[in-house]
Amino acid sequence: MDRKLIFQNKIISELDKKGFRNSEKRNAIIRAFVASNKHLNADELYEIVKKIRAGIGFVTVYRTLKLLVRYGFAREVDFKDGFTRYEINDEPSVQHDHLICIRCGSVTEFKDAEIEKLKDKASSNTGFAPIFHRLEIFGICKQCGKKKVKPGWKKMYE
Ligand SMILES: [Zn+2]
Ligand SMILES: [Zn+2]
């Protein structure tokens, strides 16, 4: 079975086990979210969901995202563009992190086991129990680096 389909089903069955009454609307939102595989904000997900299934309000989409974050199925990311964005969290062993271009807004994902080790080391030194981490690196992507533009946070202030 397709990896996304497995994760969609996993979320739905685990929410069911946690006592959330099975909701056809919520399931439609979950399926659309996992299928999207992008860093969507709540508005963008709402736009997608609206086209798939009528009668789902923005608030339901927003609450579903928060629920997914609360139970570790999704995580929030912040690319400094004024939105809280969400992505699926189906890789608890080694999380990916982000390189964000401040000119064009492109987002590149990368994974590095060293970061996980660092997280564990910093935590154990202080007796802290880590759950997840967030690392966002801001800069200029290769494409934008070739163009002669004055440096600045163009994307952020547009
Ligand atoms: Zn760029
Ligand atoms: Zn990501």
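Here are some notes:
- Residue in segment 114-122 that is within 16 Å of ligand 2 (Cβ to nearest atom), touching an Asp or Glu at 6+ places or on another chain (Cβ under 8 Å) and not aromatic (Phe, Trp, Tyr) present: yes
- Tally of residues being closer than 17 Å to residue 29 by Cβ, surrounded by fewer than 16 Cβ atoms within 10 Å (Cβ to Cβ) and β-branched (Val, Ile, Thr) across segment 70-95: 1
- Boolean, residue 48 is touching a Ser or Thr at 6+ places or on another chain (Cβ under 7 Å), among the hydrophobic types (A, V, I, L, M, F, W, C), in the same structural domain as residue 20 (by TED's automatic domain parsing) and free of Cβ contacts under 8 Å to residues at least 40 places away in the same chain: yes
- Whichever residue in segment 107-126 is loosely packed, with under 15 Cβ neighbours inside 10 Å and within 18 Å of the chain's Cα centre (by Cα) and, among such residues, is nearest to residue 31 (Cα to Cα): 109
- The listed residue being loosely packed, with under 15 Cβ neighbours inside 10 Å and either part of a helix (DSSP H, G or I) or of a type in the set (Lys, Arg) (or both), out of 10, 25, 4, 50: 10
The values are calculated or read from the model by the stated rules, or taken from the named source; none is laboratory data. In this text the structure is predicted, and so the values were computed from the model without any measurement. Cβ atoms come from the backbone with ideal geometry, glycine included; neighbour counts cover every protein chain shown.
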